[in-house]
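The values are calculated or read from the model by the stated rules, or taken from the named source; none is laboratory data. No experiment lies behind these values; they were computed from the predicted model shown. Neighbour counts are summed over all protein chains in view; Cβ atoms, including those assigned to glycine, are modelled from backbone coordinates with ideal geometry.
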Amino acid sequence: MTEYLSIAPEVSVALAAGQPVVALESTIIAQGMPWPDNAETAMAVADAVRDAGATPATVAVIDGRLRVGLEAREIEMLARGGSQIRKCSRRDLPLAVAAGAHGATTVAATMIVANLAGIKVFATGGIGGVHRGAQQSMDVSADLQELARTSVAVVCAGAKAILDLRLTLEYLETYGVPVIGYGTDVLPAFYVRDSGLGLDAHFDTPAEVAAVLQAKWSLGLAGGVVIANPVPEAYALDPDWIEQLTAQALSEAAADGIGGNDATPYLLRRVAELSNGKSLRSNVELVLNNARLGAAVASALSGLEPCG
Ligand code: PSU
Ligand code: MN
């Protein structure tokens, strides 16, 4: 495995010392935001993790190697490459590795690599989910299967309303993935704090969240946990307005025949354009907010007995 995996010295030192580490994904850099906001955000997110007392570990495939902890120039390369960089979910990892290519890792692929490195907490913007119309298209993000099997906690602002959030929660329930509201009783919907869908757990401190992770993995219940952290009030957007823009982006995607791997990046980009960048501002702030919570949860977890 070390033939394929390389962990940055700073990250391996922290892991060996039992210090908190937070994994970060790279699809959000290459496909999730436009240049140069993507590069600036990636750096700011790593700084936010550091300021909160943990070590950031951005995950990507670089020249065919699974990398945990990137240098600034590598983050910039992925950010400039944008959609030219291969978006890597579970199925794509071996292809990118064997080809010696670069790849931006999704939530699913980042969980896989974080787990290989021994990192338990991962912070991002939003997870993939069951797409609207999945009854016909069968478009269900591989992120959900990964959450079912790989023991990494994912801090996110819920999932975008470009998805069918009710079906996404059903899927997670079926596969035994706890969805915890942080400071909320309802699933946040990315730019919006309240999707209207209730959750079964609500915690207000990182220590309570860490106790759930500890209990789950100590019990041998493999798989992830979704820690749903609403976008800060000041950056939340109007739900009706965002819904309208989302509906327009979805119908344009259908008209352009966009599907599969390209669906999520297309919809993200279109909603950002239609909102004159307001959605991007909100996106940046919610990712920073998740990075801070990720660092706090990783710190709380590092104070507990090793589990799983
Ligand atoms: N949601 C966002 N921004 C993103 C993504 C999701 O708000 O950048 C990315 C994440 O990397 C997620 C991926 O894992 O899209 C899901 O893609 P798909 O639906 O193709 O699995
Ligand atoms: Mn998909």
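What do you reckon, is V209 touching a Pro at 6+ places or on another chain (Cβ under 9 Å) and not basic (K, R)?
So V209 fails the test.
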- Item | Filter result for the condition that a residue is within 17 Å of the chain's Cα centre (by Cα), at pLDDT 95 or above and more than 16 Å from ligand 2 (Cβ to nearest atom), over A79, A72, A54, A99 | A79
- Task: Mind counting the residues in region 258-307 that are free of Cβ contacts under 8 Å to residues at least 24 places away in the same chain, outside any helix (DSSP H, G or I) and not small (G, A, S)?
- Result: 2
- Note on the structure: Among (1) among the hydroxyl-bearing types (S, T, Y); (2) away from ligand 1 (no atom under 11 Å from the Cβ); (3) within 23 Å of A23 (Cα to Cα), T110 falls short only on (2)
- For residues in region 233-257 being within 15 Å of ligand 1 (Cβ to nearest atom) and either over 29 Å from Y182 (Cα atoms) or without any contact (Cβ under 8 Å) to a residue 24 or more places away in the chain (or both), which is surrounded by the fewest Cβ atoms within 10 Å (Cβ to Cβ)? A253
- Under 7 Å between Cβ atoms, at least 6 apart or on separate chains: pull out the pairs that start in region 172-194 with a residue that is closer than 15 Å to G125 by Cα and end on any residue that is part of a loop (DSSP other than H, G, I, E, B) and acidic (D, E). P188/D194
- Note on the structure: Exactly one of A153, A134, A117 is more than 13 Å from ligand 1 (Cβ to nearest atom), among the hydrophobic types (A, V, I, L, M, F, W, C) and either surrounded by fewer than 24 Cβ atoms within 10 Å (Cβ to Cβ) or over 16 Å from the mean Cα position of the chain (by Cα) (or both), and that residue is A117
- Query: So R73 fits all but one of (1) within 16 Å of ligand 1 (Cβ to nearest atom); (2) free of Cβ contacts under 8 Å to residues at least 60 places away in the same chain; what number is the exception?
  - Reply: (1)
- Item | Any hit, region 59-70, residues being farther than 19 Å from L116 by Cβ and either in contact with a helix residue (DSSP H, G or I) (Cβ under 8 Å, 6 or more places away or on another chain) or outside any helix (DSSP H, G or I) (or both) | no
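Select the helices (runs of 4 or more DSSP H) contained entirely in region 106-169, then report the ones holding at least 1 residues which are more than 16 Å from ligand 2 (Cβ to nearest atom) and either closer than 21 Å to I242 by Cβ or without any contact (Cβ under 8 Å) to a residue 60 or more places away in the chain (or both).
Passing ranges, in order: 107-117.
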- Message: Yes or no: region 208-225 includes at least one residue that is modelled with pLDDT of 95 or more and within 30 Å of R269 (Cα to Cα).
- Response: yes
- For region 263-277, what are the residues that are under 17 Å from P36 (Cα atoms) and modelled with pLDDT under 90? P265, L268
